[in-house]
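No lab work stands behind these numbers, since they all come straight from the coordinates. The shown structure was predicted, so the numbers you read here are calculated from the model rather than taken from an experiment. Using ideal geometry, Cβ is built from the backbone for each residue, glycine included, and neighbour counts are taken over all protein chains shown.
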Amino acid sequence: MPIEVLMPALSPTMTEGKLAKWVKQEGDQVSAGDVLAEIETDKATMEVEAVDEGVLGKILVAEGTEGVPVNDVIALLLEEGEEASSLEGADERQAASVEGETEAAEDEGSSQKAEQARSTLAAPEGPKEAIPEPEPEWDGPTKKQTVREALRDAMAEELRRDERVFVMGEEVAEYEGAYKVTQGLLKEFGPKRIIDTPITEHGFTGLAAGASMYGLRPIVEFMTFNFSMQAMDQIINSSAKTLYMSGGQIENPIVFRGPNGAAARVAAQHSQCFASWFAHIPGLKVVSPWSAADAKGLLKSAIRDPNPVIFLENEILYGQSFEVPDTEDWLVPIGKAKVVRPGSDVTIVAFSIMVGKALEAAEKLAEEGIDAEVIDLRSLRPLDTATIVESVKKTNRVVSAEEGWSVAGIGSEIAAIMMEQAFDWLDAPVRRVTGADVPLPYAANLEKLALPQPDDIVEAARDVCYR
Amino acid sequence: MATKSGQERSRKRSDSSDPEAAKTSAPKRASSKQSKSSTRSKSPTARQGDLAKGVDKELLLKLYEEMLLIRRFEEKAGQMYGMGLIGGFCHLYIGQEAVVVGLQSCITDDDAVVTSYRDHGHMLATGMEANGVMAELTGRKGGYSKGKGGSMHMFSRKRKFFGGHGIVGAQVPIGTGIAFAMKYNEEPGICLTYLGDGAVNQGQVYESFNMASLWKLPVVYVIENNKYGMGTSIERSAAHSTELYNRGQAYGIPGVQVDGMDVLAVREAGLEAVDYVKGGKGPYIMEMLTYRYRGHSMSDPAKYRTREEVQKMRTEHDPIDRLRETLLEQKRAKEEELKEIDRRVKEIVGDAAEFAQNSPEPDPSELYTDVYVEAQAAE
Ligand SMILES: Cc1ncc(C[n+]2csc(CCOP(=O)(O)OP(=O)(O)O)c2C)c(N)n1
Ligand SMILES: [Mg+2]
């Protein structure tokens, strides 16, 4: 039996491509690793390498053919001693497999077809996604803004840009947000696009998921993420999994946002970090920014992202001010961490409010002669492990800091990744600084004890530096 | 008028916007008692006979063929399950065909459909191909979800079929959201959102009713009351009354109870519901009294009901036999014509079974695709 050479995929989402050029011709001897052909898509060019040894027996797809489906047989390779007669019937086989395609295949079709289908569903055809990668350097003007204002601007700009974007949640419109993040949006965009919902998390989350399957781009505000628990089923079973379960047909562009983690003195039911809950789920993206510039750039990217994105904010950060690029084009890519303080002795990995605490800890450590590098993870799924590993190659020590609980937390994941990817670079075990393993207490002194403080980070850093 | 009386006898309604119904808030049971007395004076077959007179032959044959296709398809699926060709859960729709076929005949290409895991019939009715559905059941590349969804999770953008949902009740807010998007886009479509008599007790159903009515969303909730949620009969799951058409009363959603074993009664009531919803008046609830002949899924021991109960439904109320009788009795079709339909359907199902067995398994590389849509990079 001749060996089948298949049309390869350049990326997981590529469904077809152009067979640009045959480098080898029929009758040529090939060995493993030889370039057989060149493939093109609208994004890139790639070489098809031979995996096996043999003679290129028959080319089934001619040079210059466009729209060759991924995994179609493009050539047959004869193994040593194999007769050319075994190639007979190859063409017929091809034809049969094409005939066997159903409408199902057509339904999924090329990404182009899917795009067409999508645009017939959503009446207002939105602009194309454009996420820069890597993050743009910004040397233009900046302005001082609170995280709250940055989030509001991000939504307002995206609402202006794309008719399919709308905001829904409790008190988001007339009340202008329980934490005033949606201030002014109702006035500019009206009740069609800024929608006050009843107190019905499970229901409005499912409703938004359905609207997004049909082509809209909802931004769902949870008054706080504590209440998203009521909607967990719709977020995970409907939003996160439907693309996969539909074989790529049904997309779910949707943002779930709101404050996450402890506020101040609101006790156990209103103070929980859900980062590790959501980060566990394939199909979701999870971001949790610290600075206003990242809050704005990441929220804009999240709204343009064709996947469900969990956007974890922090109530205490809402009022903090940062310099933010003064432009409507500020987009921060999802999945990239940021070194917010370079250092050489120990790497402190944090996200959201813990970044500020880590920076405070770094200042204290500097007084003791320990030069800490602080990494703001920003995204928890996908997690930018490369940036952490690079840092550890330099510092050989890692402390992770998060407000959530330690068991199966983000720090646990980082510790595991360090074991797997940076073991040889570590000079000390990874240390996790986390919230105490208790429901958050109300009393001021107990609350402070339960939440990780800069001093806890300082102590952990000293530990891993053996000081 | 023949059709009028047929309609009255095969249906019950709760119309919260009508002043008659408003009175019911004091003596609550009054309105449903009243309508109850108006049913079942003629035999079901005689009722269908009356209705058939107002429907043209072509449509009657189309309804017949579509019901038969679902029946034969499901029988084949059951057979293939037995041969180990289909795995996991497989919920057959046999017995309930009139519901989905009748309602599908009331809508157009503008309209969407969403349902639970008992979804093969709905897919075939929306025009999805038997080949792709069957190949999904066998977990093959040629299936609608490339073999990654299985029996409970299939979709077709082209046919506006939005699943196939395995979590009982989850499709109800989703269907409401599809209707929301249609209204947002100012499209003419509506969304038919199907749910079971078991699902109707989920909290999210009422969250959806509330929002749909509050925002006047173009959605028809179709409750397929087949009397059981797995092994729990409606008597053991529904408080106060086993009737479900009035479950939207608190939200001002009109409801109607329909003989779901009579495809023409379903169509009659469906046309009215669709018309109401397309008129921008908000949601509508239809309770379809129906019955599933097979177990809940393939591995159902069926200890919760008697053989006689099932047998009685099959012999006295079968929607396909009934339409066949009507067609022949009224001389709207000849034996040969019906035989020809039988033959055609058999062929489609046979081909689908063959396709589903010959389609290759998904490539191992498919394991990691379709988890995310790649964001498009900036130029
Ligand atoms: C949330 C949830 N709970 C339980 C189940 C298990 N389950 C699957 S079907 C079913 C019965 C549902 O009955 P009904 O809504 O009447 O639909 P039918 O099967 O009769 O079509 C149950 C309990 C589930 N899939 N999802
Ligand atoms: Mg049921």
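What is the calculated FRET efficiency for A:L426 to A:A366, with r their C-beta to C-beta distance and R₀ = 30 Å, to the nearest 0.05? Mind dumping the intermediate values first?
Numbers: r = 23 Å, r/R0 = 0.75.
Efficiency, from the Cβ-Cβ distance: 0.85.
Rounded to the nearest 0.05, the FRET efficiency derived from the C-beta distance between B:K281 and B:E335 at R0 = 56 Å is 0.80. Out of every Cα-Cα pair in the protein assembly as shown, what percent are more than 55 Å apart? In whole percent, the long-distance tail amounts to 20. DSSP finds beta bridges in segment B:45-378, and of those with both partners inside it, around 10 percent are antiparallel. Gap in Å between the Cα centre of segment B:71-102 and the Cα centre of segment A:206-269? For segment A:206-269 versus segment B:71-102, the Cα centre distance is 33 Å. Three principal axis extents describe the C-alpha atoms of segment B:244-323; from largest down they are 44, 29, 19 Å. In angstrom, the C-alpha Rg and Dmax of segment A:127-213 are 15.0, 44. Kirkwood analysis of the Cα pair distances in segment B:45-378 returns a hydrodynamic radius of 20.4 Å.
Quick one: grab the alpha carbon gyration tensor of segment A:374-429, order the square roots of its eigenvalues as a ≥ b ≥ c, and give me rounded if a/c is under 1.5, else prolate or oblate depending on whether a/b is larger than b/c. Present the calculation step by step, with values, prior to reporting the outcome.
Working: a/c = 1.71, a/b = 1.37, b/c = 1.25.
It comes out prolate by the Cα gyration axes.
The sum of -39500 (n - 2.57) across all DSSP H runs of n ≥ 4, divided by the residue count of chain B, sets its helix-only mean residue ellipticity at 222 nm to -13500 deg cm²/dmol. Normalising by residue count, chain A has a Cα convex hull of 172 Å³ per residue. Taking all Cα-Cα distances within segment A:142-325, those exceeding 22 Å account for 40%.
In terms of overall dimensions, the C-alpha atoms belonging to segment A:289-400 reach 43, 29, 23 Å along their principal axes, ordered largest to smallest. Bridge orientation summary for segment A:338-464: considering DSSP beta bridges with both residues in this region, about 25 percent are antiparallel. Across q = 0.21 Å⁻¹, segment B:139-251 modelled as identical point scatterers on its alpha-carbon atoms has Debye log10 I(q)/I(0) values of -1.15, in the order of the q list. With a cut-off of 15 Å between beta carbons, the residues surrounding A:Y442 carry a summed charge of +1, where Lys and Arg count +1 and Asp and Glu -1.
What value, in deg cm²/dmol to 500, does the helix sum -39500 (n - 2.57) over DSSP H runs of n ≥ 4 give at 222 nm once divided by the residues of chain A? The helix-only estimate for chain A comes to -8500 deg cm²/dmol at 222 nm.
When only alpha carbons are used to place a centre, segment A:358-418 and segment B:335-355 end up 65 Å from one another.
In the protein assembly as shown, the DSSP beta bridges split such that about 45 percent are antiparallel, to the nearest 5.
Can you check how the C-alpha radius of gyration of segment B:88-211 compares to 2.2 N^0.38 Å, as a plain ratio? Show your work: numbers first, answer last.
Details: Rg = 14.1 Å, N = 124, 2.2 N^0.38 = 13.7 Å.
So the Cα radius of gyration is 1.02 times the expected 2.2 N^0.38 Å.
When its C-alpha radius of gyration is set against 2.2 N^0.38 Å (N residues), segment A:199-304 gives a value of 1.08. For the pair B:K62 and B:D363, label points projected 7 Å from Cα toward Cβ lie 4.0 nm apart.
Taking the Cα centre of chain A as origin, sum charge times position over the Cβ atoms of Lys and Arg (+1) and Asp and Glu (-1), and report the length of that vector in debye to the nearest 20. Don't skip to the answer; put the middle values down first.
On the way: 43 positive and 81 negative charges, 515 e Å.
For chain A, the charge dipole is close to 2480 debye.
Net charge in the neighbourhood of A:M7 (other residues with Cβ under 9 Å of its Cβ; Lys, Arg +1, Asp, Glu -1) is -2.
Under 5 Å between amide hydrogens, built in the peptide plane, is the criterion, and for A:K21 it picks out A:E38, A:G64 among residues at least 5 positions away or on other chains.
Where q = 0.09 Å⁻¹, what log10 of I(q)/I(0) comes from the Debye formula for segment A:338-464, counting one point per Cα? For segment A:338-464 at q = 0.09 Å⁻¹, log10 I(q)/I(0) is -0.22.
How shielded is B:89-96 by partner chains, expressed as the average number of their Cβ atoms within 10 Å of its Cβ atoms? Each step should come with its number before you reach the end.
On the way: counts 0, 0, 0, 0, 0, 0, 0, 0.
That average works out to 0.
You can think of it this way: the chain between A:M419 and A:E79 has 118.1 nm of extra reach, that is 0.36 nm per residue less the Cα-Cα gap.
Under a Cβ-Cβ cut-off of 12 Å, what is the net charge of the residues other than A:M168 that fall near it, where Lys and Arg count +1 and Asp and Glu count -1? It works out to a net charge of -1. In this structure the amide hydrogen of A:G404, modeled in the peptide plane, comes within under 5 Å of the amide hydrogens of A:G435, none closer than 5 places in sequence on its chain.
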